[in-house]
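What follows is a single structure, written as structure tokens, with notes after it.
The values are calculated or read from the model by the stated rules, or taken from the named source; none is laboratory data. Bear in mind the structure is a predicted one, so any value in this text is a computation, not a measurement. Cβ coordinates were reconstructed from backbone atoms using ideal geometry, including for glycine residues, and neighbour counts include every protein chain displayed.
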Amino acid sequence: MDFKEVIRKLEGMLKQPLPGRQGQISMAPIPVDESRFLEPKPLNPRKGAVLMLFYPGEDNTMVPFIKRPSYDGVHGGQVAFPGGKWEEVDGDLAQTALRETEEEIGVKQSSINLLGSLSDLYIPPSNFLVSPYIGFVEEKPIFIPDPFEVDRIISCPIELLTNLDIRKKGEITVRSEIKLQAPYFEIEKEMVWGATAMMLGEFMHLWENY
């Protein structure tokens, strides 16, 4: 899909009411942890932000994901959007998303145009309340992955994200021992599940209904 057409569509759909839970729950692990949707959110959650970044490829519009290195933690080895926790230097969460994107994949903050955000998503295992932002750059970036934060960068065409064939369900093994059933997006033979898949679920709900 033409890059300029994608950006125009993103601008329009982000002006619509966000579906929130309706979009997120479609990709939530099973059984669904309803605590993540309760209001108000738990007191003093850790705050974070991620960025869904669009850029022009040779013949498609692309979105980069990162695969985190394997480690003994809640999110070790998972595929995610660039992002991380809010720091006092950030001011707001949009700045968190921009700073973390530059730190993790090397895209300069000054080159990123923010279009808006999706609904916040609470992640019970890590007590994070994450704000997903959407933005774009005018040219294909030269990625510089942080070797401590990023195992590899996975660039995904928007046309693949819209393909229903990559939405599947299966057994997920967490920290080598916990097994659960979850819907996921299969991208470059990786299982994109959990919070990232739920954010994508809301994004695709907007995309398909605009």
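Applying the set (1) assigned to a helix (DSSP H, G or I); (2) surrounded by fewer than 12 Cβ atoms within 10 Å (Cβ to Cβ); (3) in contact (Cβ under 8 Å) with a residue 12 or more places away in the chain to Arg8 leaves exactly one unmet item: (3). How about region 72-95: which of its residues are more than 25 Å from Ala182 (Cα to Cα), modelled with pLDDT under 95 and small (Gly, Ala, Ser)? The one that is more than 25 Å from Ala182 (Cα to Cα), modelled with pLDDT under 95 and small (Gly, Ala, Ser): Gly91. Going through (1) within 23 Å of Tyr55 (Cα to Cα); (2) in contact with a Leu (Cβ under 6 Å, 6 or more places away or on another chain) one by one, Tyr122 falls short only on (1).
Per the listing Ser155, Ser119, the residue uniquely out of contact with any Lys or Arg (no Cβ under 7 Å at 6 or more places or on another chain) and in a loop (DSSP other than H, G, I, E, B) is Ser119. Selection within region 158-185: residues that are in contact with a helix residue (DSSP H, G or I) (Cβ under 9 Å, 6 or more places away or on another chain) and not in a strand (DSSP E or B). The member of this set that is nearest to Pro56 (Cα to Cα) is Ile158.
Does region 162-210 hold any residues that are exposed (fewer than 13 other Cβ atoms within 10 Å of the Cβ), of a type in the set (A, V, I, L, M) and under 30 Å from Glu5 (Cβ atoms), and which are they? The answer is Leu164, and nothing else.
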